Structure formats: C-alpha cells, structure tokens
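The values are calculated or read from the model by the stated rules, or taken from the named source; none is laboratory data. Everything quoted here is computed from the prediction, not taken from an experiment. Neighbour counts run over all protein chains shown; Cβ positions are idealised from the backbone, glycine included.
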Ligand SMILES: [Zn+2]
C-alpha cells in the first residue's frame with residue numbers, strides 16, 4: 001500500500017498547479033488520439049480512465065503520449081477501480097505501482113480510490129487520510145450522490161475534506177444526471193467552498209457550471225459512460241443497446257440524440273438553434289451529424305460537442321469569476337426558454353443550476369473571485385454579462 005510509511009513526499013510543484021479553471025476531455029484509452037486532437041488548446045487537458053483490469057495498458061499508453069511530446073497540457077490517469085460489478089470500496093489500499101507510475105511520468109498524481117458508498121464516513125476519512133500521507137496526490141472521491149444531496153452527509157463530506165486539506169477530484173454516481181437531483185448543485189457549491197482545490201471528473205455540460213463556480217478543473221466525457229458513474233445494477237443484465245450518439249445543442253446547453261436533433265430541426269427550422277460554426281460542423285446545421293455513416297457519427301458528435309463546450313467556456317470566462325458565474329446563470333435561464341421553443345423537456349440540471357445560484361450572497365461571490373480568467377489579463381472592473 002502506498003500509505004506514506006516513508007513520510008510525506010511533496011513534489012516540486014503542487015498536484016493541481018498545472019490547472020487553471022481547465023476544461024478537460026475525459027476519454028478511454030482507445031480514444032486518446034482523437035481526444036488529444038480536440039483538447040490541444042489553452043486551458044485544456046486530458047483524463048484517461050483505464051479499462052477494467054487493463055490499468056498497466058493505460059499507464060503504457062500515457063507513457064507513449066508523454067514521450068511523444070504531442071500533448072503539452074495536463075494529463076490525469078483514472079484507474080477506475082470504483083466502477084463496475086467488482087469495484088473496490090473506499091478502504092481499499094492504493095497501489096504503489098499506480099501512484100509511482102504517475103510520478104515517474106511527471107503527471108499530477110490521482111489516487112486509485114475505491115467507491116465511497118452512502119454513509120461510509122469511515123471509508124471517506126480513511127481515503128482522505130491515505131491521500132494526505134502521500135503528500136503529492138489528488139484524492140479521487142467516487143461518491144454516492146447522497147454525499148452531495150443529504151444535508152448531514154454533505155456536512156460530513158465538507159468537514160472531512162476541509163480537515164484533510166488535500167485537493168479532491170469528485171466522480172458522482174447517478175443513472176442519468178447527478179446534477180438533476182435536488183441538492184446536488186448546492187452540495188457541489190459547498191464542496192467548492194471548502195478551501196481546497198476541487199476537480200470534477202466524468203461530467204457533461206455541468207462541468208462549465210462547476211468551473212464558473214470555482215472548480216480548478218472539470219472533465220467532460222466523450223461518451224455517456226464517461227459523463228457520470230453508472231450505479232452497479234443489482235442483477236447483471238445485457239449490455240445497453242448502442243443507439244444514435246448524442247451531441248450538444250449549444251444554446252440549449254444540453255445533449256440530444258442526433259436523430260432527435262434532425263427531426264426537431266425539420267419541425268422548427270427557424271428556432272435559431274441549428275447552425276454551428278465549430279471546426280467540425282463548419283457552419284452546417286446540426287442535422288448533418290445524423291446523416292453521417294454509423295461508424296463516423298459518434299466521433300463527429302464527440303468532436304462537435306467538445307468544441308462547442310470549449311467555445312462556450314472561452315466566452316464565459318472572458319470576465320471575472322463572479323461575472324462568469326452570473327453569465328452561466330443567465331445562459332441556463334436562456335437555455336430553459338430555448339427548450340420551450342422546440343417543445344423539448346427541460347433537463348433537470350438547468351433548473352437546479354438556475355435556482356441554486358441566485359441564492360448565494362454577494363459577499364460569498366466576492367470571496368470566490370480568487371482566480372483570473374483563462375487566457376486574458378485580469379479585468380479592471382466589473383464586466384457586462386453577455387449571453388451569446
Ligand atoms: Zn459543431
């Protein structure tokens with residue numbers, strides 16, 4: 001066990017110093033080349049989740065990427081031991097070879113944590129303490145959603161995280177969208193206010209919300225399985241059928257299946273939602289994605305979605321953190337109306353973000369203004385909130 005028996009081993013830089021409100025692409029080992037192509041821009045990075053029982057392969061691929069010099073942005077490796085039917089629990093010791101493998105590559109060290117089940121406060125504390133003893137690591141916290149939504153559990157989580165004083169990377173378990181759960185956004189905001197750097201992994205559009213509210217980095221999955229952590233079914237069933245991929249409709253801040261986009265575009269051609277100027281779409285309307293051959297559709301949907309998210313991030317972060325937060329709130333409100341325009345059900349997460357943010361007092365907003373916008377000089381004064 002890499003339990004720090006030799007004492008803390010602080011590295012030359014902190015484990016999160018390479019991040020600056022970074023929007024990361026979260027992929028599997030087979031998608032590294034494609035993800036690198038999309039994520040090769042300022043304020044970006046990569047998270048690679050190892051396939052079950054193939055963690056050595058993940059390290060080997062990361063080694064090749066680092067040595068090739070093709071990717072000059074932060075790279076995180078996620079062992080994924082918290083997922084699947086045979087997953088480890090929070091008290092499972094970290095693996096020396098996994099921790100040391102990341103150190104040898106000069107990567108930020110992410111613990112190969114097990115799953116933190118509902119109510120497992122002892123496991124949570126054990127995991128945070130083991131991370132603190134490493135001295136140079138980020139505690140990966142794969143959490144049952146009740147840790148954010150339950151009042152008592154949230155209080156325990158935030159107290160333990162603040163006491164441990166180590167950077168944390170959250171992975172949230174949910175069958176669909178964790179931030180659609182009542183209290184999840186509020187819980188995230190409280191963790192972000194703990195005084196330690198917080199990363200959010202395996203996420204979707206809510207990654208932007210987290211960055212607007214002070215997250216050090218947030219990662220968007222290339223496929224649905226990497227946009228949150230699926231619960232383990234009580235009885236193993238057949239693998240889910242692979243249907244049409246989903247793509248982001250930018251102004252709606254939501255993923256929709258490409259066939260749904262094409263059908264809705266035909267019904268509401270004047271909705272002002274369909275033309276996309278991203279590098280992948282190049283000014284075409286989004287229904288073009290559904291007309292692509294099946295083997296190309298998923299790849300193009302992922303490229304389009306990430307590029308739209310990077311463009312949104314760049315636009316929102318032109319201003320200071322409190323203003324980017326207000327901009328995110330305004331965009332969520334606008335997206336709710338956009339859904340009504342095309343008679344789509346409003347994703348729960350939009351309403352949760354929209355109702356959670358205005359409740360924050362101005363003093364807390366000011367306290368959060370600790371970082372500068374990405375890629376632009378510090379603002380001299382308040383910036384207007386602009387919804388594009
Ligand atoms: Zn596009």
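Let me confirm something: among 258, 275, which residue is exposed (fewer than 15 other Cβ atoms within 10 Å of the Cβ), touching a strand residue (DSSP E or B) at 6+ places or on another chain (Cβ under 6 Å) and modelled with pLDDT of 95 or more? Spell out the reasoning first.
Values: 258 fails: exposed (fewer than 15 other Cβ atoms within 10 Å of the Cβ).
Going through 258, 275 in turn, just one is exposed (fewer than 15 other Cβ atoms within 10 Å of the Cβ), touching a strand residue (DSSP E or B) at 6+ places or on another chain (Cβ under 6 Å) and modelled with pLDDT of 95 or more: 275.
May I ask you to list the residues in segment 281-325 that are over 22 Å from the mean Cα position of the chain (by Cα) and within 12 Å of the ligand (Cβ to nearest atom)? Write out each step before concluding.
Initially, segment 281-325 is screened for residues over 22 Å from the mean Cα position of the chain (by Cα), giving 281-297.
Matches in segment 281-325: 281, 282, 283, 284, 285, 286, 287, 288, 289.
Look at residue 311 and say whether it is at pLDDT 75 or above and surrounded by fewer than 21 Cβ atoms within 10 Å (Cβ to Cβ). Spell out the reasoning first.
Values: at pLDDT 75 or above: yes; surrounded by fewer than 21 Cβ atoms within 10 Å (Cβ to Cβ): yes.
For residue 311, the condition - at pLDDT 75 or above and surrounded by fewer than 21 Cβ atoms within 10 Å (Cβ to Cβ) - is met.
Please list, ordered by first then second residue, the pairs with beta carbon atoms under 6 Å, 6 or more apart or interchain, first in segment 264-291 and within 20 Å of residue 345 (Cβ to Cβ), second part of a loop (DSSP other than H, G, I, E, B) and within 8 Å of the ligand (Cβ to nearest atom).
Close Cβ pairs (under 6 Å, with a partner that is part of a loop (DSSP other than H, G, I, E, B) and within 8 Å of the ligand (Cβ to nearest atom)) amount to 286/276.
Any idea which of 19, 71 is modelled with pLDDT of 90 or more, in contact with a helix residue (DSSP H, G or I) (Cβ under 8 Å, 6 or more places away or on another chain) and assigned to a loop (DSSP other than H, G, I, E, B)?
Result of the check over 19, 71: 71.
Restricting attention to helices (runs of 4 or more DSSP H) lying wholly within segment 77-194, give those where 1 or more residues are out of contact with any helix residue (DSSP H, G or I) (no Cβ under 9 Å at 6 or more places or on another chain) and not assigned by TED's automatic domain parsing to the domain that holds residue 356.
Details: elements: 96-104, 121-134, 146-149, 151-164, 184-192.
Fully inside segment 77-194 and qualifying: 96-104, 121-134, 151-164.
For residues in segment 38-61 being assigned to a helix (DSSP H, G or I) and in contact with a helix residue (DSSP H, G or I) (Cβ under 8 Å, 6 or more places away or on another chain), which is surrounded by the fewest Cβ atoms within 10 Å (Cβ to Cβ)?
Filtering segment 38-61 down to residues assigned to a helix (DSSP H, G or I) leaves 38-39, 55-61.
Filter again for in contact with a helix residue (DSSP H, G or I) (Cβ under 8 Å, 6 or more places away or on another chain), leaving 38-39, 55, 57-59, 61.
Working: 38: 23, 39: 27, 55: 22, 57: 12, 58: 22, 59: 22, 61: 18.
Here the answer is 57.
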